[in-house]
1. Every residue in the stretch 278-300 that is of a type in the set (K, R) and either in a loop (DSSP other than H, G, I, E, B) or in contact with a strand residue (DSSP E or B) (Cβ under 7 Å, 6 or more places away or on another chain) (or both), please.
2. Give the residues of the stretch 150-187 that are buried (at least 22 other Cβ atoms within 10 Å of the Cβ) and within 9 Å of the ligand (Cβ to nearest atom), sorted by residue number.
3. Starting from the stretch 185-202, keep only residues that are at positive phi, then list their pairs with residues that are open to solvent by 50 Å² or more (accessible area, probe 1.4 Å) and within 16 Å of the ligand (Cβ to nearest atom) whose Cβ atoms are within a distance under 8 Å, requiring at least 6 positions of separation or different chains.
4. Within the stretch 1-56, how many residues turn out to be closer than 13 Å to V145 by Cα and acidic (D, E)?
5. Within the stretch 16-38, take every residue that is within 15 Å of A139 (Cα to Cα), near the ligand (Cβ under 8 Å from one of its atoms) and not hydrophobic (A, V, I, L, M, F, W, C) and give me the one that is least open to solvent (accessible area, probe 1.4 Å).
6. Among what's in the stretch 207-225 and is among the small types (G, A, S) and modelled with pLDDT of 90 or more, pick the residue that is least open to solvent (accessible area, probe 1.4 Å).
7. I'm trying to understand the selection: among the residues of the stretch 39-57, which are within 7 Å of the ligand (Cβ to nearest atom) and acidic (D, E)?
Amino acid sequence: MSEERVDVTVVGAGPVGLVLAAELALSGAKVQVLERLTEPDEAVKAGAINVPTAEALDRRGLRPAAEQVQRAALGQVGSFARLVEKPDGPRFTGHFAGMVLDADLVDWSDPDLAAHTAVDGARLVPQRELEALLAEHVARLGVPVRRSVEVTSLEDTGAGVLVGTTAGPVRTAWLVGCDGGHSAVRRLAGIDFPGTAPELTGRLAVADIVDPEKLADGWAWSAAGAYRCGPQPGRVTTVEFDGGPVDRAAPVTLEEVQGSLRRVSGTDVTLTALRGTATRWTDNSRQAATYRSGRVFLAGDAAHVHPPFGGQGLNLGVGDAMNLGWKLGAVIAGWAPDGLLTTYDAERRPLGAWVLDWTRAQIGVLRGDPKSAALRTVVADLLATPDGATHAVKKISGVTQRLDLPGDHPLIGRYAPDVRLSDGSRLADHTHSGGFVLLDRTPDGAFSRLAAPWSTRVTTVPDAPATPTGLLLRPDGVVAWATDVPDPAGLAPVLHDWAGAPSPDHAPVG
Ligand SMILES: Cc1cc2nc3c(=O)[nH]c(=O)nc-3n(C[C@H](O)[C@H](O)[C@H](O)COP(=O)(O)OP(=O)(O)OC[C@H]3O[C@@H](n4cnc5c(N)ncnc54)[C@H](O)[C@@H]3O)c2cc1C
């Protein structure tokens, strides 16, 4: 291994490590990814992505590739396709503890939902396809992904990090552990991982089933646990409240999946083969005590683990990576305002805590005991109302995520809505290079003039007068400033706070 010094070493080429590496490369940092696996992981995991993840792809020009994946996936999912395909486009709802939300009950005109429909065609992106798409993105950006390299030790010297690997030592200014739930980086950095212990074993496999007619279509519950068939043919999920697996590292065999499916379904269903690598998981729910220790950061499953119910984990991690990437890049480039890096933990931790609780709540209604079953009926009744379904879909899709940023405008702290411009382009089309973007709809370009001293970091996008009149997007797509009037009040301080000091060759702005 070359001992050439790099700015950032990302440990783990899962979806989170790849997104982070790409964001750092876009910011100009010299970054490398170390991955212990020789080939990408073939295990069956996430089946789809939420709105913020799809929008993150959109903002980097990857929406067409994601749409292509969805088109191919829709062709394979049978009844699920009928569920999401509506006359005016696909509609994703998701589920809460296996209770699939009825798209016909959801109020799709709700302002939060209606503001984020541009990526509806790019949501059914399974994790393996997402990782392949991201690997190509990272390769185009020239980031080396060094496979068969396992991180085994680290020493934070204060000026950098000395990393021990199975391929020799690495010197790096910063280290980010995107190395999954069993994170070696988290352990080596001495970061605590408090939370709640597992009480169940879940299994996910795609299998050849001799007699699928013996199984229910969709989710089904029993005193022994729960199971689900679909949405793809042969895809089987089982949940058993058995205290968690004895040996999590053992490969998941055909016999194990069949035994579990027989127990939870109460049938003698027969499986003849597994297609791809089956996975075993638990409801172990933990969050790192800190997302940063000196020059070491954590992102993705390394920072938080929870059961995969309702499809949140991958999306939470991609959000971490989008948030950290530009901030660390700004520090490396030398223009970061004071305290920018501390906002990573402050902004991402509350969302991580919410996801842990959202998934814990689902375990509460999934248990086979009579009290949990009664609670499930109550929750099911609520989710079968228009308000209940709309609320749950907004939460699951991520459209209501909001950071606690200063400012009164309702868009501040939210991911940018889909904005169509008078020239036919979309605001997201102007975000591919990863910097700040300022939408200026003043008749005289007042916002653009004010932001000119930040022109190396802020791209201004002029547009015909409309509402909102101005939006400042951070590189991660979060709205840092917004206004509905042609008055730049508050814009200069916000630019200082997020985009740092203006270029010295510009006259100071009053
Ligand atoms: C059955 C199942 C279903 C799921 N369904 C969903 C879903 O529907 N929606 C959703 O959002 N999420 C879902 N998830 C969760 C999602 O898969 C994870 O949250 C996601 O993979 C986390 O990505 P990551 O990049 O943080 O970690 P990982 O994907 O775990 O990647 C970590 C990488 O680090 C590497 N690594 C580990 N240690 C080292 C080391 N010491 N040195 C070098 N490399 C190392 C690993 O080999 C791996 O490639 C599901 C998970 C499971 C198991």
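1. Of everything in the stretch 278-300, those that are of a type in the set (K, R) and either in a loop (DSSP other than H, G, I, E, B) or in contact with a strand residue (DSSP E or B) (Cβ under 7 Å, 6 or more places away or on another chain) (or both) turn out to be R280, R286, R295.
2. Correct list: V151, G177, C178, D179, S183, V185.
3. Taking only residues 6 or more apart or on different chains, the pairs are G195/R286.
4. So the answer is 2.
5. So, considering only residues that are within 15 Å of A139 (Cα to Cα), near the ligand (Cβ under 8 Å from one of its atoms) and not hydrophobic (A, V, I, L, M, F, W, C), the one least open to solvent (accessible area, probe 1.4 Å) is G17.
6. This residue is A207.
7. Once the filter is applied, which keeps residues that are within 7 Å of the ligand (Cβ to nearest atom) and acidic (D, E), the stretch 39-57 yields only D41.
Here is a yes/no grid of residues against (1) within 21 Å of Q32 (Cβ to Cβ); (2) surrounded by fewer than 19 Cβ atoms within 10 Å (Cβ to Cβ):
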position	(1), (2)
Q232	no, yes
A249	no, yes
V269	no, no
A288	no, no
A299	yes, no
H306	no, no
N323	yes, no
W326	yes, no
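The values are calculated or read from the model by the stated rules, or taken from the named source; none is laboratory data. The shown structure was predicted, so the numbers you read here are calculated from the model rather than taken from an experiment. All Cβ positions, glycine included, derive from the backbone under ideal geometry; neighbour counts span all protein chains shown. For the accessible areas, the whole protein counts, side chains as well, though only heavy atoms, and no ligand, DNA or RNA atoms are used. Shrake-Rupley method; radii C 1.70, N 1.55, O 1.52, S 1.80 Å.
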